[in-house]
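Read the structure below first, then the notes.
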Amino acid sequence: MVHDDTARLLDMVFGFIPAQVVRTMATLDLADRLADGPVAPAELAKAAECHEPSLRRLLRAAAHLGLVVDKGDQGYELTSIGRLLRADVPGSAKFMAMQMSGEPTWSAAGRIDHTVRTGRPAVEHVFGKSSYEWMADNPRTQALFYQWMMDVARHDVPELVAALDLTGVRDIVDVGGGNGILMAGLLAAHPGLVGTVFDQAASLTHTPAVLAEAGVADRCTLVAGDFLADALPEGRDAYLIKSTLSDWPDDDVVRILRACHEAMREDSVLLVIDMVLPDGDTTAHPVALMSDLCTLACGGAVRTEREFGDLFASAGLRLVEIGGDQAATVVSILRAAKN
């Protein structure tokens, strides 16, 4: 038992190494270069402009992790897991790997002790600014983040569109829904629906193309603004916030929810799509639990049903119900109304 416990603890201590093997595979486009079959290390090193002896060591580690298979003279071949590091496959995790194991998350995660001691996000301690501010100063990382969010949305949207009850809803505002993928899915599924996507101008860059590709651009308006400072479009039937509140501390979440409250009619509904942790135990969905730990580094929190209820109440709203299948989609659907 002691030996088993030691081995398990060592796996945790050295867990940062596999994460960097995955990130390096993604950053060097190695999975994309292996897409057509086995490639010899020398050829792969030349294509990726890498130091061949070091690349061989990385590939040996990748084989140990089950990302590739050593085919001898033929070179290395992707496994089904390694295939997910290609950019062009359904369910690709390439951009997530680059984002979550790269900056600013990587350095900030190394100082979550600061957050635990002070309650302040470690990213601010390490970089002197929030993760969003840091990304604004680093456009390449920001682009990776947006690509990851688009990959997530494409994967999640079909099930979420099916799960969202929009009975009686004629117009809807997606608050912070910049990439437009969820709105495009909703408008395509509900021909009588019209929508508005509200987000910062930089986040709306690719939204027109997404809406046009879905054939719904004529039923959607784009409004540039900051949901922490600017008024939302008023008087719509429904307001939607997906995978956003967990990125912000409580005070800012209340500000976002109050902005929704001020824009809503008395009979409007607010739909929040986000991860929810169970109250009082640790049997959470593992993605939700790990995401909550990431927020220690970069700010925000994954919250319990009770915590969401308190935040809604602080904004003059009440939590009506929680639906959705978090076991399948990682997120739940919280429905709120004005008090």
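Confirm whether Glu133 is acidic (Asp, Glu) and closer than 20 Å to Ser291 by Cβ. Explain how you work it out, then say what you get.
On the way: acidic (Asp, Glu): yes; closer than 20 Å to Ser291 by Cβ: no.
No; evaluated as a whole, the condition is false for this residue.
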Checklist entry - Gly235: closer than 26 Å to Val253 by Cα and in contact with a helix residue (DSSP H, G or I) (Cβ under 6 Å, 6 or more places away or on another chain), yes or no? => result no
Next on the checklist: Would you confirm, using the coordinates I've provided, whether Gly66 is closer than 25 Å to Gln142 by Cα and either in contact with a Leu (Cβ under 7 Å, 6 or more places away or on another chain) or of a type outside the set (A, V, I, L, M) (or both)?
Outcome noted: no
Checklist entry - When you scan the range 178-206, how many residues do you find that are crowded, with 22+ Cβ neighbours inside 10 Å, closer than 17 Å to Trp148 by Cβ and without any contact (Cβ under 8 Å) to a residue 40 or more places away in the chain? => result 4
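Those residues that are of a type in the set (D, E, K, R) and at pLDDT 95 or above, I need them from the range 1-35; list them, please. Don't jump to the end; show me each part of the working.
Within the range 1-35, the subset of a type in the set (D, E, K, R) is 4-5, 8, 11, 23, 29, 32-33.
Listed by number, the residues that qualify are Arg23, Asp29, Asp32, Arg33.
Looking at the range 1-103, what helices (runs of 4 or more DSSP H) fall wholly within it and have at least 1 residues that are of a type in the set (Asp, Glu) and open to solvent by 30 Å² or more (accessible area, probe 1.4 Å)? Let's see the steps before the verdict.
Details: elements: 2-13, 16-27, 30-33, 41-48, 52-64, 94-100.
Output list reads 2-13, 30-33, 41-48, 52-64.
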Checklist entry - Which one of these does Ile172 not meet: (1) crowded, with 19+ Cβ neighbours inside 10 Å; (2) assigned to a helix (DSSP H, G or I); (3) touching a residue at least 60 places away in the same chain (Cβ under 8 Å); (4) aliphatic (A, V, I, L, M)? => result (2)
Item to check | Residues satisfying the stated conditions in the range 112-126, i.e. touching a residue at least 40 places away in the same chain (Cβ under 8 Å), more than 13 Å from Leu293 (Cβ to Cβ) and either open to solvent by 40 Å² or more (accessible area, probe 1.4 Å) or over 20 Å from the mean Cα position of the chain (by Cα) (or both) | outcome: Glu124
Item to check | Residue among Ala301, Ala315, Ala288 that alone is buried (at least 18 other Cβ atoms within 10 Å of the Cβ), in contact with a Ser or Thr (Cβ under 6 Å, 6 or more places away or on another chain) and under 27 Å from Pro121 (Cα atoms) | outcome: Ala301
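Out of all the residues in the range 157-168, is one or more touching a residue at least 40 places away in the same chain (Cβ under 8 Å), open to solvent by less than 20 Å² (accessible area, probe 1.4 Å) and outside any helix (DSSP H, G or I)?
yes
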Next on the checklist: Just the residues that are open to solvent by 50 Å² or more (accessible area, probe 1.4 Å) and farther than 20 Å from Val175 by Cβ, please, taken from the range 318-327.
Outcome noted: Asp325, Ala327
Checklist outcome for this item: For the range 68-82, pairs from a residue that is more than 10 Å from Ala40 (Cβ to Cβ) and at pLDDT 95 or above to a residue that is open to solvent by 30 Å² or more (accessible area, probe 1.4 Å) and charged (D, E, K, R), with Cβ under 7 Å and 6 or more apart or across chains, are Val68/Glu77; Val69/Glu77; Glu77/Lys71
Next on the checklist: Which of the numbered conditions does Asp274 fail, given that it passes all the others? Conditions: (1) acidic (Asp, Glu); (2) touching a strand residue (DSSP E or B) at 6+ places or on another chain (Cβ under 6 Å); (3) open to solvent by less than 20 Å² (accessible area, probe 1.4 Å); (4) closer than 22 Å to Arg306 by Cβ.
Outcome noted: (2)
Next on the checklist: Quick check on the range 218-232. Is at least one of its residues touching a Leu at 6+ places or on another chain (Cβ under 7 Å), assigned to a helix (DSSP H, G or I) and surrounded by fewer than 24 Cβ atoms within 10 Å (Cβ to Cβ)?
Outcome noted: yes
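So, Arg265, is that one part of a helix (DSSP H, G or I) and either over 27 Å from Ala143 (Cα atoms) or open to solvent by 50 Å² or more (accessible area, probe 1.4 Å) (or both) or not?
Working: part of a helix (DSSP H, G or I): no; either over 27 Å from Ala143 (Cα atoms) or open to solvent by 50 Å² or more (accessible area, probe 1.4 Å) (or both): yes.
When the stated conditions are applied, Arg265 does not pass them.
The values are calculated or read from the model by the stated rules, or taken from the named source; none is laboratory data. Since the model is a prediction, treat every value here as computed from it, not as a measurement. A quick note on method: Cβ atoms are made from the backbone with ideal geometry, for glycine too, and the neighbour counts reach across all protein chains shown. These accessible areas exclude ligands, DNA and RNA; they are computed on the full protein's heavy atoms, side chains included. Shrake-Rupley method; radii C 1.70, N 1.55, O 1.52, S 1.80 Å.
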